[in-house]
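A short worksheet on the structure shown next.
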Amino acid sequence: TRRGLLRPCEGGPHGRDRGRPHRWTELSVVPQIPTGQRRVAGSHIRLGAGAVNVSASRIGKVLRTVVRQNKRWSLTIGVILPQGKKVSRVRIDGHRAHFRVVSTARGREVLVNGGRGLGLSRLVVRVK
C-alpha cells in the first residue's frame, strides 16, 4: 500500500491570495514508511501544472526523504518518526537544519523548511 502525505496549500493569510489568480504556493511532503518496509516512492505526482517525485527510506537509525519538484513551491519536507524514537540530528541538502516535531494522528512528524527552489531537496534525520 502507499502511505504518505502531500499537502498543497494556497498562499495568503486566509488561504487564498486576494486579487490574484488561483495558484498553489506551498507544498508539504511528509512520507510515512510502513512497518516492515524500508522504502516508499512515488514519481510524477501531479499537482496543478507541476509535479513532484518523492522517495523515503529507513535504514537502521537513518530516515531519508528526497523530493524533486519542477515548480517553485515553498516546500516543507519531513518524515514520520518511528514509535519511541527521538531525533538525534537533522540535515537538509547536507547542512544542519532547524526543525520542529509535531504530533499528528499519524505519529510524530519531523518538519523542515525545504526552501523555494526548483530541483532536488534531501532530508536526512538520524534517530536514537
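The values are calculated or read from the model by the stated rules, or taken from the named source; none is laboratory data. Keep in mind that this is a model prediction, so the values were computed, not measured. Don't worry about glycine lacking a Cβ; one is built from the backbone with ideal geometry, like all the others, and counts go over all protein chains shown. The area values use the complete protein model at the heavy-atom level, side chains included, leaving out ligands, DNA and RNA. Shrake-Rupley method; radii C 1.70, N 1.55, O 1.52, S 1.80 Å.
Brief remarks on what is shown
- Selected residue (criterion: surrounded by the fewest Cβ atoms within 10 Å (Cβ to Cβ)) from residues of segment 69-92 that are modelled with pLDDT under 95 and under 15 Å from Leu120 (Cβ atoms): Arg72
- Filtered residue count, segment 18-45, keeping only those that are modelled with pLDDT under 90 and in a strand (DSSP E or B): 4
- Residue satisfying all of: in segment 100-125; more than 14 Å from the chain's Cα centre (by Cα) and open to solvent by 90 Å² or more (accessible area, probe 1.4 Å); farthest from Pro31 (Cα to Cα) among these: Leu118
- Qualifying positions in segment 71-106 - in contact with a Ser or Thr (Cβ under 7 Å, 6 or more places away or on another chain) and outside any strand (DSSP E or B): Trp73, Asp93
- For segment 57-70, the set of residues classified as within 14 Å of Gly119 (Cβ to Cβ) and assigned to a strand (DSSP E or B) consists of Val66, Val67, Arg68, Gln69, listed by residue number.
- Filter result for the condition that a residue is modelled with pLDDT of 90 or more, under 18 Å from Arg116 (Cβ atoms), more than 12 Å from the chain's Cα centre (by Cα) and surrounded by 16 or more Cβ atoms within 10 Å (Cβ to Cβ), over Ala51, Ala97: Ala97
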